[in-house]
Amino acid sequence: MPVLEVQNIEKRFGATHVLQNITFSLEEGQALAVIGSSGSGKTTLLRCLNFLERPDRGSITVRGELLFDAADPAAQQEAQVRRKRLHFGLVFQSFNLFPQYTALENVALACRLLAQERPDFRANRAQILKEIDERAYALLEQMGLCERAGHYPHQLSGGQQQRVAIARALALSPDILCFDEPTSALDPELTGEVLRVIRSLAERRTTMVIVTHEMAFARDVADQVLFMDGGVIIEQGEARQVIDCPQQERTRQFLSRYSAS
């Protein structure tokens with residue numbers, strides 16, 4: 001059974017049809033790279049997966065559980081959506097770290113807030129928070145940032161901030177980790193350190209959806225590639241097959257333009 005099934009997702013903003021009949025699935029431990037020109041609907045797709053946008057049509061299923069069905073108003077209640085969002089970790093383009101918190105505090109924050117809803121929180125507050133901080137520190141160590149745990153975002157490079165953001169997204173142990181062009185806000189010399197982290201996650205068989213403009217990275221790291229244009233999936237398949245031998249003319253044109261640039 002696929003870990004993620006997306007069926008017939010559609011999204012409009014006014015008269016603009018941003019996503020049209022988006023359907024795909026993702027197996028446990030796979031990395032899916034989503035490629036396409038600006039305005040093709042890639043970011044909107046991620047925002048729909050994370051319930052930051054509500055699809056107008058379609059459904060989203062994780063591990064056999066129907067999380068969202070546009071035809072069922074009960075599946076769209078805010079309290080439910082907040083919980084269902086925990087199935088997805090999202091790493092934004094621009095880090096989105098809280099400037100008033102240290103790296104460790106940024107990673108631990110969501111877990112600390114959720115812990116307050118536990119019935120045993122008051123009785124075991126100190127132990128629960130200690131365990132949360134220990135996990136946050138372990139994630140920073142995994143990102144190569146344990147020595148930066150006490151630093152604030154303004155004291156970190158762009159690459160370090162993005163690695164903190166990845167640790168934060170992993171903190172809640174999501175089923176699917178989503179990246180929205182995670183290197184687009186970085187200088188070229190810092191891009192490599194973030195891509196190395198994502199590559200290591202792929203080697204650990206972390207299930208991921210990666211919106212990226214790094215074609216060589218997508219070819220070498222992703223299991224599957226999905227090419228979007230005009231809000232439509234034009235081509236999808238095994239990564240090397242799509243990037244090296246695309247079957248659709250629009251895919252070939254996109255890759256040709258990208259290679260030329």
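The values are calculated or read from the model by the stated rules, or taken from the named source; none is laboratory data. It should be emphasised that the depicted structure is a prediction, and the values quoted were computed from it without experimental measurement. Every residue, glycine among them, receives a Cβ derived from its backbone with ideal geometry; neighbour counts consider all protein chains shown. These area figures cover heavy atoms from the full protein model, side chains too; ligands, DNA and RNA do not enter into them. Shrake-Rupley method; radii C 1.70, N 1.55, O 1.52, S 1.80 Å.
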Of all DSSP beta bridges in the chain, what percent run antiparallel (nearest 5)?
60
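Could you compute the net charge surrounding Arg148? Neighbours are other residues with a C-beta less than 14 Å from the C-beta of Arg148; K and R count +1, D and E count -1.
Values: positive: Arg163, Arg168; negative: Glu105, Glu141, Glu147, Glu193.
With Lys, Arg at +1 and Asp, Glu at -1, the net is -2.
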For an R0 of 41 angstrom, estimate the FRET efficiency from the Cβ-Cβ distance between Ala15 and Glu203 and round to the nearest 0.05.
0.40
Projected area of region 1-46, taken from the Cα convex hull and averaged over every viewing direction, in nm²?
3.5
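Put Cys111, Cys178, Cys245 in order of accessible area, largest first, 1.4 Å probe: what do you get? List each step's numbers first, then the result.
Working: Cys111 25, Cys178 0, Cys245 70 Å².
Largest accessible area first, the list is Cys245, Cys111, Cys178.
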Between Ala71 and Gln127, what is the label-to-label distance in nm when each label sits 7 Å out along the Cα-to-Cβ direction?
4.8
Expressed in Å to one decimal, the Kirkwood Rh of region 55-155 from all distinct alpha-carbon pairs is 16.1
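Let's test the formula: R0 of 22 Å, r as the Cβ-Cβ distance of Met215 and Asp187. What FRET efficiency results, to the nearest 0.05? Mind dumping the intermediate values first?
Numbers: r = 19 Å, r/R0 = 0.87.
Efficiency, from the Cβ-Cβ distance: 0.70.
Largest first and in whole Å, give the semi-axes of the chain's equivalent ellipsoid, each being the square root of 5 times a Cα gyration tensor eigenvalue. Provide the component values of the computation, followed by the final result.
Details: eigenvalues 193, 114, 47 Å².
Each semi-axis is √(5λ); the values are 31, 24, 15 Å.
Taking only DSSP H segments of four or more residues, each worth -39500 (n - 2.57), what value at 222 nm results for the chain once the sum is divided by all its residues, to the nearest 500 deg cm²/dmol? Before the final figure, lay out the partial values.
Details: 9 runs with 100 residues, N = 261.
Taking each H run of at least 4 residues, the total per residue is -11500 deg cm²/dmol.
Loop-only trypsin sites (Lys or Arg not before Pro) in region 111-201, please: DSSP not H, G, I, E or B, and at most 15 other Cβ atoms within 10 Å.
Details: sites: Arg112, Arg122, Arg125, Lys130, Arg135, Arg148, Arg163, Arg168, Arg196, Arg199; in loops: Arg122.
Within region 111-201, the qualifying trypsin sites (Lys or Arg not before Pro) (loop, at most 15 other Cβ atoms within 10 Å) are Arg122.
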Please state the relative contact order of the chain as a whole percent: Cα pairs under 8 Å, 6+ residues apart?
26
Approximate spin-label separation Leu52-Arg112, in nm, with each point projected 7 Å along Cα-to-Cβ
2.3
Which of the lysines could be linked to Lys84 by a straight reach, that is with a Cα gap under 23 Å, when you skip same-chain ones fewer than 8 residues away?
Lys11, Lys42
